[in-house]
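Notes follow once the structure below has been shown.
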Amino acid sequence: MINILLVAGEVSGDSHGAELVRELKKIDSKISIFGIGGDSLKMQGMEILFHIKDMAFLGIGEIIRHLPFIRRVHQTLISRIKSENPVCAILIDYPGFNLRLAKSLKKSGIPVVYYISPQLWAWGKGRVKKIRRYVDKMLVLFPFEKKFYQRHNIEAEYVGHPLVDKHSHYLPKETKKINHGQIIIGLLPGSRRQEVTSLLPKMIQTARILYKEEKINQAEIVKVKHLPLEIYQALLDKEDRFIKIVETPLENNLPRYDAVIAASGTVTLEVGYFCVPLLIVYHVNELTYWLGRLLIKVDYIGLVNIVAETQVAAELIQRDFTPLKAAQIMENMLIPKENLSIRQKLTIIKDKLGTGGASSRAAREVWDFIQKQR
């Protein structure tokens, strides 16, 4: 029996990790996985020690408040690896927690594969030293990430992006056009409770402005499975009958949307892959934001803009995110000619993400790594 520790602390990591585990089990069905994950990893037979719904901390204040719990999670994992002696650990993104864990794993003699790189190219070089010390192999999603690590003498393999496998079969064959009288927008407030409570009220207010001005006919809030419905429902009024809450997979919804307001994160890349015009919004407490601005080394906060290496999506950050400003940007996006122009610009994302097979390639890299450890 091959035991592997896997840590995915967020929804995207849970999804990508599940596909990786699925492919690993095609190679060896007896592989046993335990660690941190969500429902997708659980469906692949992983033993969930801590669920992602308990690990979603946003901002310095949230982290400080949950430090006792975070320490307990860390200690539980270290105790478990001493009894299980896994052949390796697979850490997926989630750098605040995973890089500290990688240090402890190194001390315990557990080899570490890091899948889905932290955005070190955005946050400066401080964490690069930690990767070099504590991580044995990086599996990255973009060609520029491999070049970045090579410059820092870190072994990295480019495997491609798993979103291509997840979404390529759902891409519409024809470019969607604005159809007056049937205009629908998506509201994607993120996967963390704090994101939803912070961003969704302003998203809803934006939708109300657009509806009142007859710029849209419907809005849909895309709910994530691990957050309770009541969080979303509590933010809606009786007059918000034009707003629906949906829990269907994002890939089923995006082809129907004329435009989207999305929280900053991986979801912006998914929206961009479907070439749906989007406004990216971001808001954290002021201390977290200003500390971040001191460290961040890129021009954009949205992943879709970073990957495109040019601005293909509008951004409203911190105090700039007001319902009035958001409504003005969305109104412009819903002009048929502008909508089509943005969709054409977003086709660059399909080119940047490359071809399918990322999860399979990643699984093969992990398997080859495991064989070298045995």
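The residues of the stretch 245-266 that are in contact with a strand residue (DSSP E or B) (Cβ under 8 Å, 6 or more places away or on another chain) and closer than 22 Å to K177 by Cα, listed by number, are L250, N253, L254, R256, Y257, D258, A259, V260, I261, A262.
Give the residue that is farthest from I209 (Cα to Cα), with candidates limited to residues of the stretch 303-334 that are touching a residue at least 60 places away in the same chain (Cβ under 8 Å) and among the β-branched types (V, I, T). The extreme case among them is V307.
Reported count of residues in the stretch 45-57, each being surrounded by 21 or more Cβ atoms within 10 Å (Cβ to Cβ) and under 12 Å from I4 (Cβ atoms), is 1.
Restricting the stretch 255-293 to residues that are hydroxyl-bearing (S, T, Y) and touching an Asp or Glu at 6+ places or on another chain (Cβ under 9 Å), the residue that is modelled with the highest pLDDT is Y257. The residues listed here are K130, K146; of these, the one that is more than 23 Å from V307 (Cα to Cα) and free of Cβ contacts under 8 Å to residues at least 60 places away in the same chain is K130. In the stretch 294-315 there is no residue matching the filter, namely being more than 23 Å from S117 (Cβ to Cβ), modelled with pLDDT of 95 or more and of a type in the set (V, I, T).
The values are calculated or read from the model by the stated rules, or taken from the named source; none is laboratory data. What you see is a predicted model; the values in this text were computed from it and never measured. Neighbour counts are summed over all protein chains in view; Cβ atoms, including those assigned to glycine, are modelled from backbone coordinates with ideal geometry.
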